[in-house]
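The values are calculated or read from the model by the stated rules, or taken from the named source; none is laboratory data. None of these values were measured; they are calculated from a predicted model. Methodologically, a virtual Cβ is constructed for each residue, glycine included, from the backbone with ideal geometry; neighbour enumeration extends over all protein chains shown.
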Amino acid sequence: MTTPMLRSMSLSLLMLCGAAAAQAQVTVKEPWVRGTVAGQKATGAFMTLTSATDARLVSVASPVAGLVEVHEMAMSNGTMQMRALPSGLALPAGKPVELKPGGYHVMLMDLKQPVKAGDSVPLKLLIEGADKARQTIDVTATVQALGAAPAKMPAPMPAHEHGDHAH
Ligand SMILES: [Cu+2]
């Protein structure tokens, strides 16, 4: 007995915005923020971004944090380190870009107070299209408990407590 296979339709990239003033059309999926404990001054925000056209995430702002940066993680001399992306995070047309623990993330620093599971954290994403047109996207991220991380998180991430963090 064979299982009928659905042929995956070849997704020709349906650009919703043709000629008209091309605001980069960006979809934000499952935004969340890792909860913090008392005294913790930094945490990460995660989501999946898909832009219909080539664009980049230039910066992020949030009222809960004094400073917000877009970070990447990379292996350096055998240790996982993170650093700010100086020119933002590229969002290639039609390709989901995942921000997740252990990978790209939005770094919320100088937290004004702990963020607890169930809280909502507003994030304002500044997106720049290939034509340099900028727009902001308001996102509400839900805080998930500190331990609720997907497995890949490199334990409590000492770098997130600043330390050797180079800004
Ligand atoms: Cu970071």
_Scope the stretch 103-119; condition more than 11 Å from the ligand (Cβ to nearest atom) and surrounded by 14 or more Cβ atoms within 10 Å (Cβ to Cβ); matching residues_ = L111, P114, V115, A117, D119
_Test result for K132, at pLDDT below 95 and on the phi > 0 side of the Ramachandran plot_ = yes
*asked:* Just the residues that are over 17 Å from L99 (Cβ atoms) and modelled with pLDDT under 95, please, taken from the stretch 63-80.
replied: M75, S76, N77, G78, T79
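Does the stretch 135-167 hold any residues that are within 16 Å of the chain's Cα centre (by Cα), loosely packed, with under 12 Cβ neighbours inside 10 Å and either at pLDDT below 95 or within 16 Å of the ligand (Cβ to nearest atom) (or both), and which are they? Steps first, please.
The first filter runs over the stretch 135-167 and keeps only residues within 16 Å of the chain's Cα centre (by Cα), leaving 136-144, 149-150, 152-153, 160.
Adding the requirement that they be loosely packed, with under 12 Cβ neighbours inside 10 Å leaves 138, 140, 150, 152.
Within the stretch 135-167, P150, K152 qualify.
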*asked:* Looking at (1) surrounded by fewer than 16 Cβ atoms within 10 Å (Cβ to Cβ); (2) at pLDDT 95 or above, which one does V60 not meet, given that it meets all the others?
replied: (1)
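What residue, of A22, A90, is at pLDDT below 95 and either more than 16 Å from the ligand (Cβ to nearest atom) or surrounded by fewer than 16 Cβ atoms within 10 Å (Cβ to Cβ) (or both)?
Details: A90 fails: at pLDDT below 95.
Exactly one of A22, A90 is at pLDDT below 95 and either more than 16 Å from the ligand (Cβ to nearest atom) or surrounded by fewer than 16 Cβ atoms within 10 Å (Cβ to Cβ) (or both), namely A22.
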*What are the residues in the stretch 68-83 that are more than 8 Å from the ligand (Cβ to nearest atom), touching a residue at least 60 places away in the same chain (Cβ under 8 Å) and among the hydrophobic types (A, V, I, L, M, F, W, C), if any?*
M80
*Mind listing whichever residues of the stretch 65-81 are surrounded by fewer than 22 Cβ atoms within 10 Å (Cβ to Cβ), of a type in the set (A, V, I, L, M) and in contact with a strand residue (DSSP E or B) (Cβ under 7 Å, 6 or more places away or on another chain)?*
L67, V68, M73, A74, M80
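Report those strands (runs of 3 or more DSSP E) wholly inside the stretch 30-80 carrying at least 3 residues which are closer than 18 Å to L146 by Cβ.
On the way: elements: 43-51, 55-61, 65-76.
Output list reads 43-51.
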